[in-house]
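Take a look at the structure set out below.
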Amino acid sequence: MPNKYYPTIGLEIHAELKTQTKMFCSCRNDPDEEKPNVNICPVCMAHPGALPVPNKKAIENVIKVGLAIDGIIADFTEFDRKNYFYPDIPKGYQISQYKYPIVSGGRLADMDVTRIHLEEDTANNKHFAGVGHQEIQVSNTRDNGYSLIDFNRAGVPLMELVTEPHTFETTEETAKKAIKFAKELQLILWYLDVSEANMEKGEMRVEANISISADPKILGTKVEVKNLNSFRSVERAIKYEVGRMTELMEAGKGGEIVQETRGWDENKQQTYSQRKKEGSADYRYFPDPDLPKMFLHGTFSAKGGPASGWDLEKMKKELPELPAQKRARYQKDFGIKDEDIEVYINDMTLGAWFEDVAKILNDKEKIKTASNYITTDYIGLKKSNAGVQHPTGENFAELVNLITENKISSRGAKDILAIIVLGDESPLKIATEKNLLQSSSDEDAIKTIAIKVISENPEIISSYKSGKENAVMSLVGKVIKETKGSANPKIVLKLLKGLLK
């Protein structure tokens, strides 16, 4: 049965850039500053006569992102004034880019990118609602309350990436693709070291342009949901908004879907109308007369002389290995599970340690074993104990060798791992001291214990002989317990099956 409505999504993602200073002044760019209004100056507070100066490092960071997604880096670019009046914009306009963005085109996570441009961030509104004699910080003040403004963030370099609209079959697919794109962009920003992109701190904010249409070739009326600060909020806002629009269409009120800006209420899990959606004409863009035109690369500058911009070929070669490249290498070189790869992609420190271990082991099967223990047992220990650290690559590789050579049991391996993550030691030394090495040659001693276990468990023997072959594994466990974990399971199984013939 064909879909009644096809959802379309376009994303606008803002990311604060890692620089020493703000975009157009020398104030400190410090997202962790707790005291309000201390990193401010006449420029970011828009005092009369204060003139902006562009931050070269911020421009370079945007170029890096553009190169990483195979975008086109502009030769000529300029800054524009985006005019609107809001309490968090002290100048009455925001310095942004309109006609000549730094990056055009590109592709990431199966979605096409329209542009990436650079602007200054706004101040930070903090909303409060009075409850009795208490003041509680809230997400908005649509009911009663008041707002305070912290200008520490005003003027921080802000990269904005805009995607092309993409139409999907279902709401579930739409949300899934949007989150995949946002997560991959966050990884790119981390790998390039151009942004912390911490959504909880507001260093990366997602805005979703959503519409639905009965015809997948025709775009419906667009609604923008602003400032989604978690991937879960992105998913829920998309699903809610598509559902809201569908209800309007089903009720024969398609004309009531108006182009507007909506907010997301995390407590109520629904969007709410903020204001009518502006078009570019409403912002009255024009080139900022206080800032110079910029020639980022190319042969000649505006005056006819050599350009003093960036060497894009050199920058491209100097880019670090990016997530997609690392995924492909891990699959080819190590053959580990996709879910394990994603663990290492998302935790670069853990990934570097895994690679150190893999280099020492130099064997695909052993590397797979190492990865299994890292992504399950090691991570489990780390979650339960903040004191857990990486053992050296040599010691962890030694543990893996003991496991793959059947010198210790699975239980013994877990016990040793729990020790070496708190105090880095030789696993072989620990296994020897704690009598965890499995007996592989003294089969007579194991056989004696096996005979004893068989005599003590007639019900299991009866079950096994009646056709339930897995019952023998219960006997294996009992023999290994009797040997305090030192018996090799494979040898125990072979001996038991021989005795039970």
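Bear in mind that the values in this text are calculations on the coordinates, not laboratory data. Note that the structure is a prediction, hence the values are computed from the model and not measured. Reconstructed Cβ throughout: ideal geometry from the backbone, glycine too, with neighbour counts over all protein chains shown.
Which shape class applies to region 6-287: rounded if a/c is under 1.5, otherwise prolate when a/b exceeds b/c and oblate if not, where a ≥ b ≥ c are the square roots of the Cα gyration tensor eigenvalues?
Oblate, since a/c reaches 1.5 and b/c is not below a/b.
What aspartates and glutamates does residue 447 reach when the alpha-carbon gap must be under 16 Å and sequence neighbours fewer than 8 apart in one chain are set aside?
456, 482
Given that just one value was derived from the coordinates, which of (1) -0.57, -0.70; (2) -0.44, -0.57; (3) -0.37, -0.49 is log10 I(q)/I(0) by the Debye sum over Cα atoms at q = 0.07, 0.08 Å⁻¹?
(1)
At a Förster radius of 45 Å, what calculated FRET efficiency corresponds to the Cβ-Cβ distance of residue 331 and residue 419, to the nearest 0.05?
Computed FRET efficiency for residue 331 and residue 419: 0.90.
I need the phi-derived Karplus couplings for region 149-164: 6.51 cos²θ - 1.76 cosθ + 1.60, θ = phi - 60°, integer Hz, Gly and Pro marked x.
Values per residue, Gly and Pro as x: 10, 9, 8, 4, 7, 4, x, 5, x, 10, 8, 10, 10, 10, 9, 6 Hz.
With r as the distance between the Cβ atoms of residue 162 and residue 38 and R0 = 35 Å, compute the FRET efficiency 1/(1 + (r/R0)^6) and round to 0.05.
0.60
Tell me the angle of helix 489-499 to the major Cα principal axis of the chain, expressed in degrees between 0 and 90 and rounded to the nearest ten.
Taking Cα atoms only, the helix is inclined about 40 degrees.
How high is the relative contact order of region 6-287? Use alpha-carbon pairs under 8 Å, at least six apart in sequence, and give a whole percent.
For region 6-287, the relative contact order is 23 percent.
Peptides 340-353, 15-28: what's the order by average Cβ count within 10 Å, highest mean first?
15-28, 340-353
Would you please classify the overall shape of region 443-499 from the alpha carbon gyration tensor, given that a ≥ b ≥ c denote the square roots of the eigenvalues, rounded means a/c under 1.5, and beyond that prolate means a/b larger than b/c while oblate covers the rest?
Prolate shape, in that a/c is at least 1.5 and a/b is the bigger ratio.
What aspartates and glutamates sit close enough to residue 217 to cross-link, taking a C-alpha to C-alpha distance under 13 Å and skipping anything fewer than 8 places away on the same chain?
Partners found: 169.
For a protection proxy built on the mean count of beta-carbon atoms within 10 angstrom, sort 365-373, 257-265, 154-162 highest first, please.
Top of the packing list down: 154-162, 365-373, 257-265.
Quick query: amide H of residue 153 versus all other amide H atoms, modeled in the peptide plane; which residues come in under 5 Å with a sequence gap of 5 or more or a different chain?
124
Distance check, please: which entries in 35/82; 452/494; 383/429 exceed 19 angstrom between their Cα atoms?
Distance filter (> 19 Å) returns 35/82; 383/429.
Taking amide H atoms as placed 1.01 Å from N in the peptide plane, list the residues 5 or more away in sequence, or in a different chain, whose amide H sits under 5 Å from that of residue 23.
156
Once you keep just the Cα pairs under 8 angstrom separated by 6 or more residues, what percentage relative contact order results for the chain?
RCO, the chain: 13 percent.
Take residue 381 and residue 429, extend 7 Å from each Cα along the Cα→Cβ direction, and tell me the distance between the two endpoints in nm.
Modelled inter-label distance: 1.6 nm.
Please work out whether region 139-242 counts as rounded, prolate or oblate from its C-alpha gyration tensor, where a ≥ b ≥ c are the square roots of the eigenvalues and a/c under 1.5 means rounded, while otherwise a/b larger than b/c means prolate and anything else oblate?
Judged from the Cα gyration tensor, region 139-242 comes out oblate (a/c at least 1.5, b/c at or above a/b).
Tell me which aspartates and glutamates have Cα within less than 12 Å of residue 407's Cα, excluding those fewer than 8 residues away on the same chain?
398
Counting only DSSP beta bridges with both residues in region 6-287, what percent are antiparallel, rounded to the nearest 5?
If I count the DSSP bridges inside region 6-287, around 95 percent turn out antiparallel.
Compute the acute angle (0 to 90°) between the alpha-carbon long axis of helix 348-361 and the principal axis of greatest extent of the alpha-carbon atoms of the chain; round to the nearest 10°.
40 degrees
Give me the one-decimal nm value for the distance between modelled label points at residue 222 and residue 239, 7 Å along each residue's Cα-to-Cβ direction.
Those two pseudo-labels are separated by 2.5 nm.
Modelling each spin label as a point 7 Å along the Cα-to-Cβ direction, I'd like the residue 46/residue 86 distance in nm, to one decimal.
It works out to 1.2 nm between the two label points.
Taking the highest mean first, how do the peptides 430-437, 279-286, 101-108 order by number of other beta carbon atoms within 10 angstrom per residue?
101-108, 430-437, 279-286
Can you compute the helix-only [θ] at 222 nm over the chain? Use -39500 (n - 2.57) per DSSP H run of at least 4 residues, normalise by all residues, nearest 500 deg cm²/dmol.
Rounded to the nearest 500, it is -11500 deg cm²/dmol.
Taking the Cβ of residue 394 as the center, what net charge do the other residues with Cβ under 12 Å away carry, scoring Lys and Arg +1 and Asp and Glu -1?
Around residue 394, the charge tally is -3.
For region 323-433, compute Rg over Rh where Rg is the Cα radius of gyration and Rh is the Kirkwood radius from the inverse mean 1/r over Cα pairs.
0.95
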